[in-house]
Number of protein chains: 2
Amino acid sequence: MELKPLEALKLWHDVELDLVRDNRPDLSLRQIVILLTVYLEPPPHTVRGLAKKLEISKPAITRALDTMGRLDLLKRKRDESDKRNVLIQRTVTGSVYLTDLADSVINRAREIGPNDPVRSKTSETADTPS
Amino acid sequence: MELKPLEALKLWHDVELDLVRDNRPDLSLRQIVILLTVYLEPPPHTVRGLAKKLEISKPAITRALDTMGRLDLLKRKRDESDKRNVLIQRTVTGSVYLTDLADSVINRAREIGPNDPVRSKTSETADTPS
DNA sequence: CTAGGATAATACGCAACCGAAACGTTTTCG
DNA sequence: CGAAAACGTTTCGGTTGCGTATTATCCTAG
């Protein structure tokens, strides 16, 4: 898939705008990366494993699990074969969340191609003061 | 441009991972949206205009301008014709920041197409405990 | 069965963010 | 003029995030 710089930035902008407006719980960059990793890559996922792979500190992972667990975006489960480990698992709510994200990316990407990158529907809410 | 759900999520994941790892100053979702809007849409940009368009509160815009101004990602300028207004302007540093972001999106998007969505180079840093 | 290593969680101090409300300045309009 | 509106900023109280350092629990060797 080929993109020009302005198209790439517009895509990014449009999707992030969807995220901001739909005011879902606003997750930090780290949290979103963790969530996506858990859902995209094959289990098992542990705190240490995620910390190493994503280059995020372990406490940051733990806190992210606290927050996203509270939001039911994923859940913890002790590893019974080695009780030091915590396995991070997916939830239905998390799947829905990411499905929505994927939809946003797909729809915004679809608009990109045959479009003038400058004037989209944005000019209807003018940025200039009245 | 057409994307499948898994491809969309993988693209999002990969780019966000670039952002986390390159540890640039980590901007919040709102901040990135503000930054992108200022650079993608034609000026002038005001606090009130951005707040309305992005559905973000005015104090949040002000704080974002403080932070990103400190990082030299954009700058303020009083509107001389109406001194109540503050015009938000671009900077070289901000352009570089977004150019890097665009590069990341472009490169990650290029990898998407003819690729197996499951096993990429991620498996070399195994997520499983040793 | 005890010492050492590994894992996740917690404590602490700090910084940043948020929304609502209040404020100071500038412009507009009666 | 003087009052009202518009604009951006600041203040307030509260929440959340981060990293470093420490703790509690569990496994594994010797």
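The values are calculated or read from the model by the stated rules, or taken from the named source; none is laboratory data. Everything numeric in this text was worked out from a predicted model, so none of it was measured. Reconstructed Cβ throughout: ideal geometry from the backbone, glycine too, with neighbour counts over all protein chains shown. Remember, those area values only see protein heavy atoms, side chains included, never the ligands or the DNA or RNA. Shrake-Rupley method; radii C 1.70, N 1.55, O 1.52, S 1.80 Å.
Could you work out how far helix A:5-21 tilts from the main Cα principal axis of chain A, as a 0 to 90 degree angle to the nearest 10?
70 degrees
For a 25 Å ceiling on Cα separation, which of these pairs sit above it: A:LYS75/B:LYS10; B:LYS10/B:LYS58; A:LYS10/B:LYS75; A:LYS4/B:LYS77; A:LYS10/B:LYS52; A:LYS52/B:LYS10?
Details: A:LYS75/B:LYS10 21 Å; B:LYS10/B:LYS58 34 Å; A:LYS10/B:LYS75 21 Å; A:LYS4/B:LYS77 31 Å; A:LYS10/B:LYS52 19 Å; A:LYS52/B:LYS10 19 Å.
Exceeds cut-off: B:LYS10/B:LYS58; A:LYS4/B:LYS77.
Considering only protein heavy atoms, with the full assembly of protein chains and a 1.4 angstrom probe, order B:LYS77, B:LYS4 by accessible area, largest first.
Working: B:LYS77 100, B:LYS4 135 Å².
The ranking, largest first, comes out as B:LYS4, B:LYS77.
What does the copy distance list look like for A:MET1, label position 7 Å along Cα→Cβ, in nm and ordered from shortest?
In ascending order, 0.6 nm.
Which angle from 0 to 90°, rounded to the nearest 10, does the C-alpha axis of helix B:92-112 make with the longest principal axis of chain B?
So the inclination is approximately 30 degrees.
Treating the angle as unsigned and between 0 and 90°, give the value, to the nearest 10°, between the Cα long axis of helix B:58-70 and the longest Cα principal axis of chain B.
70 degrees
Could you work out, residue by residue across A:28-40, how many beta carbons of other chains sit within 10 Å of that residue's beta carbon, and then give the average as an integer? Write out the running numbers ahead of the final one.
Details: counts 4, 9, 4, 1, 7, 10, 2, 3, 7, 5, 1, 3, 10.
Taking the mean over all residues of the peptide, I get 5.
Relative contact order for chain A: what percent, with Cα pairs under 8 Å and sequence separation of 6 or more?
Numbers: 99 pairs, mean separation 33.7, N = 130.
Here the relative contact order equals 26 percent.
When only the heavy atoms of the protein chains count and the probe is 1.4 Å, how do B:ASP26, A:ASP103 rank by accessible area, highest first?
Numbers: B:ASP26 95, A:ASP103 70 Å².
So, going from the largest accessible area down, we get B:ASP26, A:ASP103.
Give, as a single signed number, the net charge of other residues whose beta carbon lies under 15 Å from the beta carbon of A:ASP72, with Lys and Arg counted +1 and Asp and Glu -1.
On the way: positive: A:ARG24, A:ARG70, A:LYS75, A:ARG76, A:LYS77, A:ARG90; negative: A:ASP66, A:ASP100.
Residues near A:ASP72 contribute +4 overall.
Can you tell me which of A:SER95, A:SER104, A:SER81 moves the most in a GNM of chain A? Springs connect C-alpha atoms under 10 Å apart.
A:SER81
With a 1.4 Å probe and all protein chains left in place, how much accessible area per residue does the protein assembly as shown have, in Å²?
Working: 13640 Å² over 260 residues.
The answer is 52 Å² per residue.
Please give the total accessible area that chains A and B bury against each other, computed with a 1.4 Å probe and expressed in Å² to the nearest 100. Walk me through the intermediate numbers first.
On the way: alone 9510 and 9530 Å², together 13640 Å².
Heavy-atom accessible area buried at this interface is about 5400 Å².
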